[in-house]
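Engineer: Before I ask anything, let me first share the structure, which is written out below as structure tokens.
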Amino acid sequence: MTFQRHFSGAPWESKVGYCRALRAGSQISVTGTAPVNPDGSVHAPGDAYAQTLRCLVIIREALAALGAGIENVTRTRMFVTDIERWQEYGRAHGEIFREHPPATTMVEIQRLIHPDMMVEIEADAVVGER
């Protein structure tokens, strides 16, 4: 089985020792993805909807780098700091996955790595063998 890794350049990747996404054969796992701008700042503090969209854009880019798309996603996991705002997270998730809805989970957690982050999302995908 071949392994292909995609790195986004996030500072935590080298510090913690992980990659943004890993393809093992036909399976792709996308690491928990936080709403970070290209300069490393937190995207849209206080805006649950915009942060969720940002996470999903980063996930879509990682999938594309490994030969997959949103339509290949089989499961997402959303870790949120305020479950009362589930409709905002859900609206963004629904917009991205409307045509290809995966299995998903949304769980409230106490906090993320930065206090302005409200959501982190993992994704799993399946693609044809190369």
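Engineer: Placing +1 at every Lys and Arg Cβ and -1 at every Asp and Glu Cβ, with all other atoms neutral, what dipole size does the stretch 3-126 have around its Cα centre, in debye to the nearest 20?
Structural biologist: 360 debye
Engineer: Also, quick follow-up: Summing -39500 (n - 2.57) over the DSSP H runs of n ≥ 4 in the chain and dividing by its residue number, what mean residue ellipticity at 222 nm do you reach, to the nearest 500 deg cm²/dmol?
Structural biologist: Taking each H run of at least 4 residues, the total per residue is -7500 deg cm²/dmol.
Engineer: Same structure again: Enter the angle in degrees (range 0 to 90, nearest 10) between the Cα long axis of helix 48-65 and the first principal axis of the Cα atoms of the chain, meaning the one along which they spread out most.
Structural biologist: Roughly 10 degrees between the two axes.
Engineer: Now for a separate question. Looking at the stretch 1-43, which chymotrypsin sites (Phe, Trp or Tyr not before Pro) are in a loop (DSSP not H, G, I, E or B) and have at most 13 other Cβ atoms within 10 Å?
Structural biologist: Loop-located and lightly packed - PHE7.
Engineer: Considering every Cα-Cα pair within the stretch 51-107, what fraction, in whole percent, is farther apart than 18 Å?
Structural biologist: 28 percent
Engineer: How high is the relative contact order of the chain, in percent, with contacts defined as C-alpha pairs under 8 Å that are six or more residues apart?
Structural biologist: Taking the mean separation of contacting Cα pairs over the length of the chain, I get 32 percent.
Engineer: Give me the extension gain from SER26 to MET1: residue separation times 0.36 nm, minus the current Cα-Cα distance, reported in nm with one decimal.
Structural biologist: Difference between extended and current length: 8.1 nm.
Engineer: Further, regarding this structure: Here are several values of semi-axes √(5λ) of the Cα gyration tensor in Å: (1) 23, 18, 12; (2) 34, 15, 14; (3) 21, 18, 14. Which one was derived from the coordinates shown?
Structural biologist: (1)
Engineer: Now a separate question. Name the residue from ASN37, VAL16, CYS55 whose Cα lies farthest towards the positive end of the charge dipole of the stretch 11-76, charges +1 on Cβ of Lys and Arg and -1 on Cβ of Asp and Glu.
Structural biologist: The listed residue farthest towards the positive side: VAL16.
Engineer: On a 0 to 90 degree scale, rounded to 10, what angle separates helix 86-97 from the longest Cα axis of the chain?
Structural biologist: Once rounded, one gets 30 degrees.
Read-outs throughout are calculated quantities, based only on the coordinates presented, and are distinct from any laboratory measurement. Just so you know, these numbers come straight off a predicted model, no measurement behind them. Because the Cβ atoms are built from the backbone with ideal geometry, glycine has one as well, and the counts that use them run over all protein chains shown.
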